[in-house]
Amino acid sequence: MSTTWSVERPESATLCERCTPYLPLLVDISQAGKDFQAHREWWKKTYGRVQPAVITGLSPSECELCQILHRCFSRFPGFDPTTTEIKVFNSKPSSHRGLDHHTCIFQACGYELILAPVNPSVTAQGTETVHSFAARPVFASFNPLLAKIWLAKCDAQHAACKPDHSSKDFDFPFRVIDVQEGRLVDAPPDVRYIALSYVWGGVEQVMLKRSNKQFLEQPGSITPDSRTEAKGEYADVEEEMESEGRIVPRIIREAIRLCQLIDERYLWVDSLCIIQDDEIQTESGAWTNEEKLAQIPKMDVIYGASALTVIAACGSDSNAGLPGVHPSDTRVTQTMGKIGDQFFVSIQKDPMAAFWRSTWVSRGWTFQEFLLSRRHLIFLPEQVVFHCRTLAWCEDHPLEYIDDGSTDLGSSVPVWTMSAELEPLKVPVRSAWAADVFFPRIFINQFYASWLQNFLQRSLSVPSDHLLAFEGALSASKKLLGRFHYGLPIGYFCETLNWKVGQGRDAWNNKVPYQGLTQRRSGFPSWSWTGWIWDLPSTETFNLSYQVDSAEKWRRVGIWGIRTSTNGDLEPWRITSPDVTPWDRLNIAPSGAFDTDEDWIKEELPTYFDIAKSTTIPSNCLTIKTIIATIHISSQPLNEYSNLNRAYPSSEFIAEESLDGIGFSSEWTEKIEAGLQLQIIVIGNFYWGPNPKQPEYTDEDDPTIVCLVVQPAGGGVFERLDVLRAKTSLMKKLDWKPVVAVLQ
């Protein structure tokens, strides 16, 4: 027997003739998971009866709904209450206990107003009252009780959101701000703390230095009211900070106040908890110090061990504050009004939209601060959003009741809580996939590549910080992929040297001129993504795909790097070993072209090691024992949909011999028209194996060969330009010669 459900709707409502049909649609329910026919019948009985779905000619003095609509849309230019058409649509924000909850969207002047009642309820046959979708007023001040509820529910119910690390395991000096005593302290064992993520901007703020450390450890030196006056032996510290115009910025002061309001005693802020004096310059040109060198690679454990990360996604610098910690006019934007005996409030369709537009999202350092944190309390201009690895909650519509954590209530949450932008911004757990799955492929394709697509679009005030700002993400990946070298996993080095820039298409899927990477990043190697300025149009992005489902299907070449030994000398170290036998079977190069036996390492490698040592930054160099060939670049596009230029084995440009497409910016046009020739060096090959649809077919004897497109940089050294891939049968048309390439 089916259950009969009813929903409380406004009583004694004062509505005009035009708005009366919409009253039942402002608070409505229907069975979830309806098939097409059931949905069609429900539509006919509800929205189908209200035609046309347009309200024109408001009567705010006579109608409560007209009052609300007038209050909302009258602030937009061009709105005329007598003539403007307000279109009405159905909105299904959530489901709960097998029921879809509905309300209306009113659209005019390029704006959408979504109304929901503040205290609705749904009753089953007059016996059981359950939650219905509702709105919640957002006031000028944020209610800290909400943050405490969100944090407590996540703590109690979300196993996936438990911290990955504990501060008791930290192997570096760790300080926090004691918000009760208003000072910097060495963190107590296994401390529970809140982390702060914000944009520094150009604010001259107080930072932890050796000269002011003792002062900042005094009670009252760091408070929500800035800092106390330094006296006595610390007077010179006060004078130094004043002469530099340094303050404790508003964001930090309000984060301290927030911690006090939600009863969290300790706060971690990078600028005040890590010594900022820079005294060491790295090979890449970055200035740093021993404490930074120890802690920056450990951002995964610092943010991963925090109980919560507060994200200040308002404004463009550290004086923007946390709206709501103190009353803020930016939060008072909701449209409110009564209809009958029920109070209605507007809600945001996507509370996170302001987050994705924020300066915070555009900054490089903040990427890993979000990625590595299990929970985020995001302060936006109009409201606060709580996001964790399991769910997302916000101020203007309560969703906490949907997350039971112990029973399946047949519930679903609004789409914004599971947006595509949020999906890759997490560190995966290996146990979520079957044990027999080749996980490196999943991790590289779905996470590592997606992280870099996101990160490389962001900006850094100091370009040489590029690798440092991603170091925490790499540290979090070590347990899944092993160690990294200049941002590439050593265990899958040849495979990930295979990165490139994805060719551009506009929003209408049309070809657009290719730009590609045109500027090198000083201090970093050309063969790594770290070695380029990623100033690309929105139609181009980082591209990397691990093509096969087994490490055995990738055949590698021998590669060495350079590192500093324990006694301070430079020494070569093996990154990859060549798969000599599979290469010899392909018969593409003279026998032994890929071999790196002990005699070769002892007698030949030192010659190329010396070449690498003569470069500006020897540790940037790779020595690759491989084969090399010349390709010819045509002005013809790869195909009618591509903006890449065809590469051929000869200047005859025979269509059937086209190898692959390579992207060139307009700066290369004259060279291409004059007959551009480039060199390629092999870094590996891969094959897919038997085709499930054609089991008798396999490409093992005709694998895809992967090459780096290179150009000479002088002194026997090459630089990487792009990647080229083609089947072995095509590659055999090239004139291959053995080479030991030093790549910087």
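Residue-by-condition table, conditions (1) farther than 16 Å from LEU724 by Cα; (2) surrounded by 12 or more Cβ atoms within 10 Å (Cβ to Cβ):
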site: PHE653; (1), (2): yes, yes
site: ILE662; (1), (2): no, yes
site: GLU673; (1), (2): yes, no
site: LYS693; (1), (2): yes, no
Top-ranked residue in region 558-602 [being under 42 Å from the mean Cα position of the chain (by Cα) and of a type in the set (Phe, Trp, Tyr); ranked as nearest to LYS733 (Cα to Cα)]: TRP583
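If you check ASN643, ASN587, ASN620, which single one turns out to be among the polar types (S, T, N, Q) and exposed (fewer than 13 other Cβ atoms within 10 Å of the Cβ)? Even if it seems obvious, please write down each step before you answer.
On the way: ASN643 fails: exposed (fewer than 13 other Cβ atoms within 10 Å of the Cβ); ASN620 fails: exposed (fewer than 13 other Cβ atoms within 10 Å of the Cβ).
Only one candidate passes the filter, namely ASN587.
Can you tell me which residues in region 565-582 are in a loop (DSSP other than H, G, I, E, B) and either surrounded by 13 or more Cβ atoms within 10 Å (Cβ to Cβ) or of a type outside the set (Asp, Glu) (or both)? Even if it seems obvious, please write down each step before you answer.
The first filter runs over region 565-582 and keeps only residues in a loop (DSSP other than H, G, I, E, B), leaving 565-569, 577-579.
Listed by number, the residues that qualify are SER565, THR566, ASN567, GLY568, SER577, PRO578, ASP579.
Here's the yes/no breakdown for (1) at pLDDT 90 or above; (2) out of contact with any His (no Cβ under 7 Å at 6 or more places or on another chain); (3) more than 24 Å from CYS394 (Cα to Cα):
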| residue | (1), (2), (3) |
| --- | --- |
| LYS44 | no, yes, yes |
| ARG49 | no, yes, yes |
| GLU64 | yes, yes, yes |
| ILE68 | yes, yes, no |
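Residue under question is THR626, and the condition is that it be in the same structural domain as VAL739 (by TED's automatic domain parsing), among the β-branched types (Val, Ile, Thr), under 30 Å from SER651 (Cβ atoms) and at pLDDT 95 or above; does it hold?
Numbers: in the same structural domain as VAL739 (by TED's automatic domain parsing): yes; among the β-branched types (Val, Ile, Thr): yes; under 30 Å from SER651 (Cβ atoms): yes; at pLDDT 95 or above: yes.
Criteria met by THR626.
Hey, could you check region 163-208 for residues that are polar (S, T, N, Q) and closer than 28 Å to ARG389 by Cα and say which is surrounded by the most Cβ atoms within 10 Å (Cβ to Cβ)? Break it down stepwise before answering.
Start the filter on region 163-208 by keeping residues that are polar (S, T, N, Q), which leaves 166-167, 180, 197, 205.
Keeping just the survivors that are closer than 28 Å to ARG389 by Cα gives 166-167, 197.
Working: SER166: 14, SER167: 21, SER197: 26.
It comes out as SER197.
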Can you tell me which residues in region 446-493 are touching a helix residue (DSSP H, G or I) at 6+ places or on another chain (Cβ under 7 Å) and hydroxyl-bearing (Ser, Thr, Tyr)? TYR448, SER459, SER475, SER477, TYR486, TYR492
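Looking only at region 719-729, decide whether some residue is among the charged types (D, E, K, R), under 38 Å from the mean Cα position of the chain (by Cα) and over 27 Å from TRP527 (Cβ atoms). Steps first, please.
The first filter runs over region 719-729 and keeps only residues among the charged types (D, E, K, R), leaving 719-720, 722, 725, 727.
The next check asks that each one be under 38 Å from the mean Cα position of the chain (by Cα); those that pass are 719-720, 722, 725, 727.
Still in the running and over 27 Å from TRP527 (Cβ atoms): none.
Within region 719-729, none of the residues are among the charged types (D, E, K, R), under 38 Å from the mean Cα position of the chain (by Cα) and over 27 Å from TRP527 (Cβ atoms).
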Test: residue in region 82-104 that is surrounded by fewer than 16 Cβ atoms within 10 Å (Cβ to Cβ), free of Cβ contacts under 8 Å to residues at least 24 places away in the same chain and over 42 Å from the mean Cα position of the chain (by Cα): no
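Conditions tested, residue by residue: (1) over 30 Å from LYS148 (Cβ atoms); (2) among the β-branched types (Val, Ile, Thr); (3) at pLDDT below 90.
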site	(1), (2), (3)
TRP393	no, no, no
PRO398	no, no, yes
SER406	no, no, yes
SER412	no, no, yes
PRO440	yes, no, no
ASN445	yes, no, no
SER475	yes, no, no
So ASN90 fits all but one of (1) modelled with pLDDT of 85 or more; (2) assigned to a loop (DSSP other than H, G, I, E, B); what number is the exception? (2)
Any idea which of THR607, THR616 is within 26 Å of LEU721 (Cα to Cα) and either at pLDDT below 95 or not in a helix (DSSP H, G or I) (or both)? THR616
Of the criteria (1) of a type outside the set (A, V, I, L, M); (2) surrounded by fewer than 23 Cβ atoms within 10 Å (Cβ to Cβ); (3) part of a helix (DSSP H, G or I), which one GLU369 fails: (2)
The conditions are (1) at pLDDT below 95; (2) not assigned by TED's automatic domain parsing to the domain that holds VAL717, and THR518 fails exactly one of them. Which is it? (2)
Quick check on region 309-324. Is at least one of its residues surrounded by fewer than 21 Cβ atoms within 10 Å (Cβ to Cβ), out of contact with any helix residue (DSSP H, G or I) (no Cβ under 6 Å at 6 or more places or on another chain) and at pLDDT 95 or above? no
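Table: residues versus (1) touching a helix residue (DSSP H, G or I) at 6+ places or on another chain (Cβ under 9 Å); (2) modelled with pLDDT under 85; (3) more than 24 Å from VAL118 (Cα to Cα).
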residue: GLU17; (1), (2), (3): no, no, yes
residue: TYR22; (1), (2), (3): yes, no, no
residue: ILE29; (1), (2), (3): no, yes, no
residue: GLY33; (1), (2), (3): no, yes, yes
Residues being under 23 Å from PRO582 (Cα atoms) and free of Cβ contacts under 8 Å to residues at least 12 places away in the same chain: count how many of those fall in region 593-607. 4
Determine, yes or no, whether SER6 is at pLDDT 80 or above and either closer than 17 Å to ILE114 by Cβ or of a type outside the set (Val, Ile, Thr) (or both). no
Candidate set: region 46-77, residues that are without any contact (Cβ under 8 Å) to a residue 40 or more places away in the chain and under 38 Å from the mean Cα position of the chain (by Cα); chosen: the one surrounded by the fewest Cβ atoms within 10 Å (Cβ to Cβ): PRO77
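Within region 714-744, track down each residue that is of a type outside the set (Val, Ile, Thr), at pLDDT 95 or above, closer than 19 Å to ILE559 by Cβ and out of contact with any Cys (no Cβ under 8 Å at 6 or more places or on another chain).
So in region 714-744, the residues of a type outside the set (Val, Ile, Thr) come out as 714-716, 718-722, 724-727, 729-738, 741, 743-744.
With the extra rule that they be at pLDDT 95 or above, the set shrinks to 718-722, 724-727, 729-738, 741, 743-744.
Add one more test, that the residue is closer than 19 Å to ILE559 by Cβ, and what stays is 718-722, 724-725, 736-738, 741, 743-744.
Listed by number, the residues that qualify are PHE718, GLU719, ARG720, LEU721, ASP722, TRP736, LYS737, PRO738, ALA741.
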Within region 443-480, residues being closer than 19 Å to GLY201 by Cβ and not in a helix (DSSP H, G or I) number 5
Do you know which residues across region 5-21 are free of Cβ contacts under 8 Å to residues at least 12 places away in the same chain and hydroxyl-bearing (Ser, Thr, Tyr)? THR20
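Return yes when SER538 is surrounded by fewer than 19 Cβ atoms within 10 Å (Cβ to Cβ) and outside the structural domain of MET299 (by TED's automatic domain parsing) and no when it is not. Can you show your working first?
Details: surrounded by fewer than 19 Cβ atoms within 10 Å (Cβ to Cβ): yes; outside the structural domain of MET299 (by TED's automatic domain parsing): yes.
It is true that SER538 is surrounded by fewer than 19 Cβ atoms within 10 Å (Cβ to Cβ) and outside the structural domain of MET299 (by TED's automatic domain parsing).
Please specify each residue of region 180-200 satisfying the condition of being of a type in the set (Val, Ile, Thr) and either out of contact with any Lys or Arg (no Cβ under 6 Å at 6 or more places or on another chain) or not assigned by TED's automatic domain parsing to the domain that holds ILE262 (or both). Break it down stepwise before answering.
First pass over region 180-200, keeping only residues of a type in the set (Val, Ile, Thr): 185, 191, 194, 199.
VAL185, VAL191, ILE194, listed by residue number.
Here is a check on your reading of the model: is ASN543 surrounded by fewer than 17 Cβ atoms within 10 Å (Cβ to Cβ) and touching a residue at least 40 places away in the same chain (Cβ under 8 Å)? Spell out the reasoning first.
Details: surrounded by fewer than 17 Cβ atoms within 10 Å (Cβ to Cβ): yes; touching a residue at least 40 places away in the same chain (Cβ under 8 Å): yes.
Yes, satisfied.
Does region 383-391 contain any residue that is part of a loop (DSSP other than H, G, I, E, B), within 20 Å of PHE455 (Cα to Cα) and touching a residue at least 40 places away in the same chain (Cβ under 8 Å)? Spell out how you get there, then give the answer.
Here is the first cut: in region 383-391, the ones part of a loop (DSSP other than H, G, I, E, B) are 383, 389-391.
Within this subset, residues satisfying the condition of being within 20 Å of PHE455 (Cα to Cα) are 389.
When the remaining residues are screened for being touching a residue at least 40 places away in the same chain (Cβ under 8 Å), the result is 389.
So far as region 383-391 goes, yes, one or more of its residues are part of a loop (DSSP other than H, G, I, E, B), within 20 Å of PHE455 (Cα to Cα) and touching a residue at least 40 places away in the same chain (Cβ under 8 Å).
The values are calculated or read from the model by the stated rules, or taken from the named source; none is laboratory data. Keep in mind it's a predicted model, so treat the numbers as computed, not measured. Because the Cβ atoms are built from the backbone with ideal geometry, glycine has one as well, and the counts that use them run over all protein chains shown.
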